[in-house]
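The values are calculated or read from the model by the stated rules, or taken from the named source; none is laboratory data. Every value quoted in this text rests on a predicted model; they were computed, and no experiment measured them. Virtual Cβ from ideal backbone geometry, glycine too; neighbours counted across all protein chains shown. These accessible areas exclude ligands, DNA and RNA; they are computed on the full protein's heavy atoms, side chains included. Shrake-Rupley method; radii C 1.70, N 1.55, O 1.52, S 1.80 Å.
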Amino acid sequence: MKVILLGTGDIALQVLQKLQSDVRIEVVGVICDSSVKKETNEVYMEKIRKMGEEILPFTEQTLELADIVFACEYRKTISSEYVGKYMFLNCHAGILPKYRGFSANPWAIMNGETQIGYTIHRMDEKLDNGDIYYIGKFKILRDQTYADVYDEIFSDMVNRIPDILLGVYQGRLLSQKQKGLGVYCSKFNSKMGNLVDFAMTSEDILNLYRCMAKPHGTGVYFYYKQRKYYIGKVISGHDLYLDDYIGITGKIVNIESQSIWVKTKDNIVILSNISNENGELVDIENFKIGNQFGK
């Protein structure tokens with residue numbers, strides 16, 4: 001089976017290496033994602049060449065060389081004249097059809113889902129909209145972050161891709177129509193990690209932390225006396241059976257066991273492992289009950 005890899009990124013490189021190691025598959029070459037920064041593609045292309053593969057243009061003549069064009073970390077829609085004529089498959093980091101677009105798994109966590117994963121589907125002219133061939137689902141517990149399960153999810157995906165592609169090519173793996181409607185998710189960015197004055201529910205703050213926790217994410221943080229602090233662990237007051245009560249959001253209402261208790265919109269969150277911008281843990285005694293967070 002002849003395959004063209006379509007996309008730019010670290011996961012795409014892992015996929016390429018896996019495809020190269022499979023004697024049943026011939027990699028024709030790689031088409032880069034032209035929507036990413038030029039400098040990013042230049043570094044990526046150098047890695048591709050060192051792996052012995054050719055950088056290909058996105059043309060009709062190129063597409064005719066492959067049995068399957070496999071998209072991984074490709075961020076653009078493709079015209080119906082191509083996806084209708086050639087076999088384009090895409091790897092989507094999220095469970096379709098409910099969570100489409102970017103940062104689908106983090107948004108699933110924000111919505112309290114207990115399963116996240118990836119989907120291999122046929123591409124059509126709409127983003128994440130084609131028939132589904134395979135869904136990888138993984139449990140995520142309430143005390144787990146996306147970073148905790150990220151490697152497991154993408155390792156499973158990379159290892160399964162050769163068999164999935166061959167299953168599609170040989171007709172052994174049948175597709176299913178996407179059932180139900182879904183939402184198009186927007187990209188998470190580092191500014192979303194700013195808790196500002198903690199005027200969110202405790203559940204939302206907990207889930208935001210679970211989405212953005214380092215090392216996979218950029219982290220959640222707050223400002224105090226013009227300084228930025230990152231949070232290493234978050235517990236919702238609901239998990240400690242604390243009752244809701246009236247108070248000023250962003251105020252420290254207790255300090256106990258090296259943890260800071262902060263009033264939220266509806267309850268509290270318990271913060272620990274606080275570090276500065278240099279990644280150094282800070283002494284909890286820097287904060288006092290009654291202090292208010294925010295610039």
For this session: Just need a number here: residues in segment 41-66 that are in a loop (DSSP other than H, G, I, E, B) and either in contact with a Leu (Cβ under 9 Å, 6 or more places away or on another chain) or open to solvent by less than 40 Å² (accessible area, probe 1.4 Å) (or both).
Result: 6
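Is one or more of the residues making up segment 172-186 of a type outside the set (D, E, K, R), assigned to a helix (DSSP H, G or I) and on the phi < 0 side of the Ramachandran plot? Outline the logic, then answer.
First, the residues of segment 172-186 that are of a type outside the set (D, E, K, R): 173-176, 178, 180-186.
Adding the requirement that they be assigned to a helix (DSSP H, G or I) leaves none.
Among the residues of segment 172-186, not one is of a type outside the set (D, E, K, R), assigned to a helix (DSSP H, G or I) and on the phi < 0 side of the Ramachandran plot, which makes the answer no.
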Exercise. Restricting attention to segment 244-282, which residues are open to solvent by 80 Å² or more (accessible area, probe 1.4 Å), in a loop (DSSP other than H, G, I, E, B) and not β-branched (Val, Ile, Thr)?
Worked result: 244, 245, 257, 258, 265, 273, 277, 278, 280
For this session: Determine, yes or no, whether residue 24 is modelled with pLDDT of 95 or more and not in a loop (DSSP other than H, G, I, E, B).
Result: no
For this session: Tell me, please, whether a residue that is closer than 20 Å to residue 151 by Cα, exposed (fewer than 15 other Cβ atoms within 10 Å of the Cβ) and modelled with pLDDT of 95 or more can be found in segment 97-114.
Result: yes
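Do we have any residue at all in segment 189-206 that's in a loop (DSSP other than H, G, I, E, B) and among the aromatic types (Phe, Trp, Tyr)? Before you say what the answer is, go through the steps one by one.
The first filter runs over segment 189-206 and keeps only residues in a loop (DSSP other than H, G, I, E, B), leaving 189, 195-201.
Applying the additional criterion that residues be among the aromatic types (Phe, Trp, Tyr) yields 198.
The answer is yes, given that some residue of segment 189-206 is in a loop (DSSP other than H, G, I, E, B) and among the aromatic types (Phe, Trp, Tyr).
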Exercise. Is it the case that some residue within segment 15-36 is loosely packed, with under 14 Cβ neighbours inside 10 Å and under 19 Å from the mean Cα position of the chain (by Cα)?
Worked result: yes
Exercise. Filter segment 1-36 for residues that are among the hydroxyl-bearing types (Ser, Thr, Tyr), touching a helix residue (DSSP H, G or I) at 6+ places or on another chain (Cβ under 9 Å) and touching a residue at least 12 places away in the same chain (Cβ under 8 Å); which is nearest to residue 216 (Cα to Cα)?
Worked result: 8
